[in-house]
Amino acid sequence: MTPLHLPTAYLIAGILYLIMPLVVWLMLRKQHALSNTLWYLGGLSFGLSLILLGMRDKWPDALTYGFAVWLLVLGPLLRACALRHELQKPIHLTWMLILSVAFIALYTVFHAVLNDASLRFMWSSFGAAAAFAWLALSARALYKRDLSISAQWIFYFYFALAVLLCLRVVSVLFGWSQPTAMTTDLLSFVLITCAVVTSIIGNIGFLGVFIERMNSEALESAKVQARQEESARLSEQIAQLDRRRSVGEIAASLAHELSQPLTNIYLITDRIELSLQQIQDESLNKYFADLNRNTQKAGDILGRIRTFIQSKNTRSERVELSQVITDVSALIHDLAYNESVELQVSLPPQTLAVWADPVQLSQIFMNLLRNAIQATQGQASRQLQIRVWREGPMAHITLTDNGPGLPAEALSQVGTAFFTTKSDGLGVGLSISKSIAQQHGGSLSIGNSPSGGAVVELQLPVVD
Ligand code: ADP
């Protein structure tokens, strides 16, 4: 009694090769369709070949020799293609099929024409060893690229199979083994055991490649999310700091802005007092209306500043560009007036509205105006021009100044975070403005105008 009944062992290994890839295919059927199918077909082909080899005594030669050996080589080739597909490398399926058919044609010559069992056996073992080696090397490439432990295990086992098959060729060459797949020597035993274990490790490994990838993708997306949350938090903090910086400048203008309506209120109150002394004067009503209007104006100014400083949460609404530009011009008015900067605003005749957070939009204009006012320092006549128009679905707003413009070396960096040419600059205003514009579905760019000076263009989608 032989310690190993080889036909049974072939049958068991063959059935394993049929069942395990099917399970893996079912588990992975929703993703990576081609590589999963190729891997499954490879397993099917190899499993069938083992079953046919095990049936050599019972079934016709054409099936259990020629066809079985073709499937034996085709199986690992298809699996190598599956891994190559995962590596995003060309798989050359047609060439591979042609090669396998050429291989089996020569095998048939050795078997049916020359009837040389040694040659036939060594040729088939060599072909299978080469296919396994290619499969193992593809797995190694996958391991190297993805650092996948599962792919490394696939490499070890298929490489071991290739080595064992080569050993078998050598052993037949030196006459130590019989040139038949049914020899029940130690090498056959090791080989069939290795084939069974490889079936298990190979399929689990293939599944593992995807599981490892899914895990690392999940980890990567968690990292990206954490980075996004952190940068959103930082941007909010920077935006808040930037708003506070603007407040210093606004506060300076506040004194002047408020002084005029408050002086008016004082004068009006005086007149009321006088009028009261000459009872029944109709002009009293007019004075009270003036009083109201000026008080309202002072209140408006304070309200605008309060909203600008305090707003944390974004709140999008339909915003008329002319309104927001008028508001910001009012806030910046005193600064521009003190610095003798002339501000021209040219608005389109029709209403132009965008869907935006008014505070964030004001922040963009505040940044741009402040930069432009600073840039025109030293010019004999300091001028800023705001132009607003519509082009298709976009509203265009340009702010042009007559400062020195941007030097060539600054053009490539301007607008990136922390780029500044000012000794007291933070270099965040433009990058915040850019990201606000992008969050609103628009863009912001800065360059030089043909007349010298800088021109900043803001584009935002129009809402009708
Ligand atoms: P900061 O004003 O703190 O420097 P910004 O992001 O607002 O930060 O601006 C970055 C840089 O862009 C400025 O330091 C300046 O070099 C350049 N810049 C911005 N606006 C203008 C402009 N109107 N003219 C010339 N250079 C400008």
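The values are calculated or read from the model by the stated rules, or taken from the named source; none is laboratory data. The shown structure was predicted, so the numbers you read here are calculated from the model rather than taken from an experiment. Using ideal geometry, Cβ is built from the backbone for each residue, glycine included, and neighbour counts are taken over all protein chains shown. Accessible surface areas use protein heavy atoms only, side chains included; no ligands, DNA or RNA. Shrake-Rupley method; radii C 1.70, N 1.55, O 1.52, S 1.80 Å.
Taking 30 Å as R0, compute the FRET efficiency from the Cβ-Cβ separation of LYS144 and ALA105 and round it to 0.05. Could you put the intermediate results ahead of the total?
On the way: r = 35 Å, r/R0 = 1.18.
With a Förster radius of 30 Å, E is 0.25.
Using only Cα atoms and rounding to the nearest 10 degrees, what angle (0 to 90) does helix 68-86 make with the longest principal axis of the chain?
The answer is roughly 10 degrees.
May I ask you to compute the full-extension gain from MET27 to ARG315, defined as 0.36 nm times their residue separation minus their alpha-carbon distance, rounded to one decimal in nm? Before the final figure, lay out the partial values.
Values: separation 288, 0.36 × 288 = 103.68 nm, distance 4.56 nm.
Additional length available on full extension: 99.1 nm.
Excluding residues on the same chain fewer than 8 positions from LYS144, give the lysines whose Cα lies under 22 Å from its Cα.
Candidates past the 8-residue exclusion: LYS89.
Run the numbers for ILE19 and THR326: contour at 0.36 nm per residue of separation, minus the present Cα-Cα distance, in nm. Intermediate values should be presented prior to the final figure.
Details: separation 307, 0.36 × 307 = 110.52 nm, distance 7.49 nm.
Working it through step by step, the gained length comes to 103.0 nm.
As an exercise, use a Förster radius of 56 Å and the Cβ-Cβ distance of VAL345 and ASN215 to find the FRET efficiency, rounded to the nearest 0.05. Intermediate results must be reported in sequence, preceding the final value.
Working: r = 57 Å, r/R0 = 1.01.
After rounding, the FRET efficiency stands at 0.50.
Output the 0 to 90 degree angle, nearest 10, between the alpha-carbon long axis of helix 429-439 and the longest principal axis computed from the alpha carbons of the chain.
Roughly 60 degrees between the two axes.
Against the longest principal axis of the chain, how steep is helix 149-173, in degrees 0 to 90 to the nearest 10, with axes from Cα atoms?
20 degrees
For GLN439 and GLN383, compute 0.36 nm times the residue count separating them, minus their Cα-Cα distance, and round to one decimal in nm. Kindly include the intermediate steps, with their values, before the conclusion.
Working: separation 56, 0.36 × 56 = 20.16 nm, distance 3.01 nm.
Using 0.36 nm per residue and subtracting the Cα-Cα distance, I get 17.2 nm.
Any chance you could look up the accessible area of TRP134 with a 1.4 Å probe, heavy atoms only, rounded to 10 Å²?
Number for this one is 80 Å².
Helix-only mean residue ellipticity at 222 nm, the chain, DSSP H runs n ≥ 4 weighted -39,500 (n - 2.57), per residue, nearest 500. What is it? Could you put the intermediate results ahead of the total?
Details: 12 runs with 306 residues, N = 464.
My calculation for the chain gives -23500 deg cm²/dmol from helical runs alone.
Per-residue accessible area for LYS223 at 1.4 Å probe radius, Å² rounded to 10?
Around 100 Å² of this residue is reachable by solvent.
Which of rounded, prolate or oblate describes segment 326-366 when judged by the alpha-carbon gyration tensor and an a/c cut-off of 1.5?
Numbers: a/c = 3.50, a/b = 1.48, b/c = 2.37.
Because a/c hits 1.5 or more and a/b fails to exceed b/c, segment 326-366 counts as oblate.
ASN371: net charge of surrounding residues, Cβ under 11 Å, Lys/Arg +1, Asp/Glu -1, itself excluded?
+1
With only alpha-carbon pairs counted, each pair once and no self-pairs, how large is the Kirkwood hydrodynamic radius of segment 404-464 in angstroms? If you can, show how the numbers build up before the last one.
Values: mean 1/r = 0.0800 Å⁻¹.
Final number for the Kirkwood radius of segment 404-464 is 12.5 Å.
Cα centroids of segment 319-367 and segment 113-130: how far apart, whole angstrom?
86 Å
Roughly what percent of Cα-Cα pairs across segment 293-445 reach past 25 Å? Present the calculation step by step, with values, prior to reporting the outcome.
Values: 3733 of 11628 pairs.
Beyond 25 Å sits 32 percent of the P(r) for segment 293-445.
What figure, in Å² to the nearest 10, do you get for the accessible area of PHE174 with a 1.4 Å probe and non-protein molecules left out?
Near enough 130 Å² of accessible area.
Label-point separation (nm) for ASP185 and ALA112, each offset 7 Å from Cα along Cα-to-Cβ?
3.0 nm
Take the Cα coordinates of the chain, assign each an equal point scatterer, and use the Debye formula without solvent to give log10 I(q)/I(0) at q = 0.13 Å⁻¹.
Once normalised to I(0) and log-transformed, intensities are -1.08.
Run the simple label-point estimate for PHE174 and LEU93 please: 7 Å along Cα→C-beta, distance reported in nm.
4.3 nm
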